[in-house]
Structures are given as C-alpha cells and as structure tokens.
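Chemist: Structure below; questions to follow.
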Amino acid sequence: MARIIVVTSGKGGVGKTTTSASIATGLALKGHRTVVIDFDVGLRNLDLLMGCERRVVYDFVNVINGEAELHQALIRDKRTENLSILPASQTRDKEALTHEGVEKVLNLLSKDFEYIVCDSPAGIEHGALMALYFADEAIITTNPEVSSVRDSDRILGILQSKSRRAVENLEPVKEHLLVTRYNPERVTRGEMLNIQDVEEILAIPLIGVIPESTSVLKASNQGVPVVCNIESDAGQAYSDVVARFLGEDVPHRFLEPVKKGFLQRMFGGIG
C-alpha cells in the first residue's frame, strides 16, 4: 500500500504547493514511484508549479465523477521519471470532493505508487479536511510567525481527532514540522520566531527549515520545482527534507546568519 502524505497548514501563503511539488519530485528522484494530487479545487496551482498546466485535459473531479479514467487524468512529469501529477479542477466547487470519491481514487493510486503526496488547501475548508482525513503522514508547513504557528496548531488538533486514523483508533498520523521562509537575520532582529520557539509551541519533530530565498519565486515562475535547483539554498534544503523523510540522518542547515566579509561590512553588500 502507498503511504499518503498530506502537506498542510492553517494559514495560506506559507509555501504548501512549493513544498508538495518539491517533496514529490525529491521522492521520485530517489527512485520512488510518486504521485502528487492537487486538492485545491477551484484554484489549482500545482500544475503551474510543475510546469504542466497546458497538458491538463481531465482532473481529479472528472475521475471522481466517472467522467474520465484515472490514467486519462494523470500527467507524467516531463523531467522526473517515477513522478505523476493529478491536477485539480478550476471550474468545480470544493464540495465536488466526496469522501467516497476521494477514497476510490486513493485506493486506485495505491496500486501503482509508493507515495501519494496531497497538496492541501489552507485552513479547515472542505478540500483541506478531505486531504487531512486520509493522511498517513502530515507535513505541517508554517512560517516563523505567531499567527502562522497558531493556525498550524489548530491543524494538528484536527489531525489528532478527525483523521481516519483517529476515528478508527489506529496508529496516529505521523507528524513532521517544516518551517518555511526562515531568515536568520530577521530572527536576530526579533522580527521572526526562532526555530526553538516554533518547535516548543507545536511540539512535533522538525523535518526541515527552508530559507527565505528568491530562488523559490524564480522556480515557481519557470514551472520547475525548486528542489531541482541544486545550486540554490532552498533547493538544497528541500533535498535535505526528502532525505530525512526517508530516514537519513542529515544535519539542519541555514539556521544561522551568513557572516559577511570585510568588504560587505564596509560597503553594505548583500551576501
């Protein structure tokens, strides 16, 4: 059976879709058969970040409604072997995701894939609750700010009470903390929470810290998951996250301010 991973947060704009795209790509690059599903019915951004928006013919809702077969809706990634994308619908209502329909699609996918990555909408609306319900593992994505962390704590409460594993009294959903857009300089100035603060509030294991980086926006605009850019700090950080997810012991990076050289200190250059 496939392992179902939900990438979730309580607040929008924290980098869930970027994270879903990079983790799914990273798992596929490691040789694992992986599919990533967009649960954000009505908005649909995953296909843009994966660079396959022009290839969308059928979507998640079409499969649920029996309007297309699953293999017709799945899009094979052009760059990465072992990776497929199941896009969301832009024209349907979020209520189109039914419990029975989602379960049917996940069961079909489990026959062919090792990992199913679910890109959840923010908060606790219908699509998000559907993604959370079926999760085996959850990557709680948060920015290092109080409101984002507080909302993520609410998501943890839902996972621990309303997921299928909670309802059926099974082994709990395995939770991972991912802190995105982390800027050590701003932490030093007191403008952001530090990692220890976030860990203390949420009390779940830290799987990674993604630095604030222009490479994320650049990758999104190019339709290429940032994990593919191994020269960038964010790409390296996501690669580290995938390695830790797979059980490797990888030290955390990008937690301390970059020390500026003499000329940078003199003339205010940016490192």
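The values are calculated or read from the model by the stated rules, or taken from the named source; none is laboratory data. Just so it is clear, the structure is predicted and the values come from calculations on it, not from any experiment. Neighbour counts are summed over all protein chains in view; Cβ atoms, including those assigned to glycine, are modelled from backbone coordinates with ideal geometry. Ligands, DNA and RNA are stripped out before the accessible areas are found, and what is left, the full protein with its side chains, is counted by its heavy atoms. Shrake-Rupley method; radii C 1.70, N 1.55, O 1.52, S 1.80 Å.
Chemist: Just a yes or no: is a residue in segment 149-165 open to solvent by 80 Å² or more (accessible area, probe 1.4 Å) and in a loop (DSSP other than H, G, I, E, B)?
Modeler: no
Chemist: Please verify whether segment 143-154 includes one or more residues that are of a type in the set (Lys, Arg) and either touching a residue at least 60 places away in the same chain (Cβ under 8 Å) or over 23 Å from VAL102 (Cα atoms) (or both).
Modeler: yes
Chemist: Hey, another quick one. Might you check whether a residue that is over 17 Å from ASN45 (Cα atoms), in contact (Cβ under 8 Å) with a residue 12 or more places away in the chain and touching a helix residue (DSSP H, G or I) at 6+ places or on another chain (Cβ under 7 Å) occurs anywhere in segment 85-93?
Modeler: Checked segment 85-93: no residue is over 17 Å from ASN45 (Cα atoms), in contact (Cβ under 8 Å) with a residue 12 or more places away in the chain and touching a helix residue (DSSP H, G or I) at 6+ places or on another chain (Cβ under 7 Å).
Chemist: Taking segment 124-142 on its own, how many of its residues are more than 15 Å from the chain's Cα centre (by Cα), under 12 Å from ILE4 (Cβ atoms) and either of a type in the set (A, V, I, L, M) or open to solvent by 20 Å² or more (accessible area, probe 1.4 Å) (or both)?
Modeler: The number of residues fulfilling the criteria is 2.
Chemist: If you take just the helices (runs of 4 or more DSSP H) that sit entirely in segment 42-96, which of them hold at least 1 residues that are over 24 Å from HIS32 (Cα atoms)?
Modeler: The qualifying helices (runs of 4 or more DSSP H) are 60-64.
Chemist: Going by what's in this entry, would GLY31 be described as surrounded by fewer than 16 Cβ atoms within 10 Å (Cβ to Cβ), at pLDDT 95 or above and either closer than 20 Å to ALA219 by Cβ or of a type in the set (Gly, Ala, Ser) (or both)?
Modeler: yes
Chemist: Would you check which residues across segment 83-130 are in contact with a Leu (Cβ under 8 Å, 6 or more places away or on another chain), closer than 26 Å to LEU27 by Cβ and among the polar types (S, T, N, Q) and list them?
Modeler: SER84, SER120 - these are the residues of segment 83-130 that are in contact with a Leu (Cβ under 8 Å, 6 or more places away or on another chain), closer than 26 Å to LEU27 by Cβ and among the polar types (S, T, N, Q).
Chemist: Please indicate, with yes or no, whether at least one residue in segment 198-206 is touching a helix residue (DSSP H, G or I) at 6+ places or on another chain (Cβ under 6 Å), modelled with pLDDT of 95 or more and in a loop (DSSP other than H, G, I, E, B).
Modeler: Among the residues of segment 198-206, not one is touching a helix residue (DSSP H, G or I) at 6+ places or on another chain (Cβ under 6 Å), modelled with pLDDT of 95 or more and in a loop (DSSP other than H, G, I, E, B), which makes the answer no.
Chemist: Right, here's the next one. Quick one: what pairs do we get from segment 187-216, first residue closer than 16 Å to VAL14 by Cα, second outside any helix (DSSP H, G or I) and among the basic types (Lys, Arg), C-beta under 8 Å, 6+ apart or different chains?
Modeler: Between residues of segment 187-216 that are closer than 16 Å to VAL14 by Cα and residues that are outside any helix (DSSP H, G or I) and among the basic types (Lys, Arg), the close pairs are VAL209/ARG253; ILE210/ARG181; PRO211/ARG181; GLU212/ARG181.
Chemist: Report yes if some residue within segment 102-110 is modelled with pLDDT under 95 and buried (at least 18 other Cβ atoms within 10 Å of the Cβ); otherwise report no.
Modeler: no
Chemist: Look at segment 103-125 and say how many of its residues are under 15 Å from ILE37 (Cβ atoms) and in contact with a strand residue (DSSP E or B) (Cβ under 9 Å, 6 or more places away or on another chain).
Modeler: Total satisfying the criteria: 14.
Chemist: Determine the pairs where a residue that is closer than 19 Å to THR17 by Cβ, located within segment 229-248, has a partner that is open to solvent by 20 Å² or more (accessible area, probe 1.4 Å) and among the aromatic types (Phe, Trp, Tyr) with Cβ atoms under 7 Å apart, the partner being 6 or more residues away or on another chain.
Modeler: Going by the 7 Å Cβ cut-off, the qualifying pairs are ALA237/PHE254.
Chemist: If you check ALA96, ALA166, ALA128, which single one turns out to be over 30 Å from LYS259 (Cβ atoms), touching a strand residue (DSSP E or B) at 6+ places or on another chain (Cβ under 9 Å) and among the small types (Gly, Ala, Ser)?
Modeler: When all the criteria are applied, what remains is ALA128.
Chemist: Quick one: would you say ASP119 is modelled with pLDDT of 95 or more, touching a Lys or Arg at 6+ places or on another chain (Cβ under 7 Å) and charged (D, E, K, R)?
Modeler: yes
Chemist: Follow-up question, since we're still on this one. Somewhere in segment 38-59, is a residue touching a strand residue (DSSP E or B) at 6+ places or on another chain (Cβ under 9 Å), of a type in the set (S, T, N, Q) and surrounded by 23 or more Cβ atoms within 10 Å (Cβ to Cβ)?
Modeler: no
Chemist: Starting from segment 115-132, keep only residues that are part of a strand (DSSP E or B), then list their pairs with residues that are acidic (Asp, Glu) whose Cβ atoms are within a distance under 7 Å, requiring at least 6 positions of separation or different chains.
Modeler: Final answer for the pair search is ASP119/ASP38; ASP119/ASP40.
Chemist: Among what's in segment 1-28 and is open to solvent by less than 10 Å² (accessible area, probe 1.4 Å) and of a type outside the set (A, V, I, L, M, F, W, C), pick the residue that is modelled with the lowest pLDDT.
Modeler: SER9
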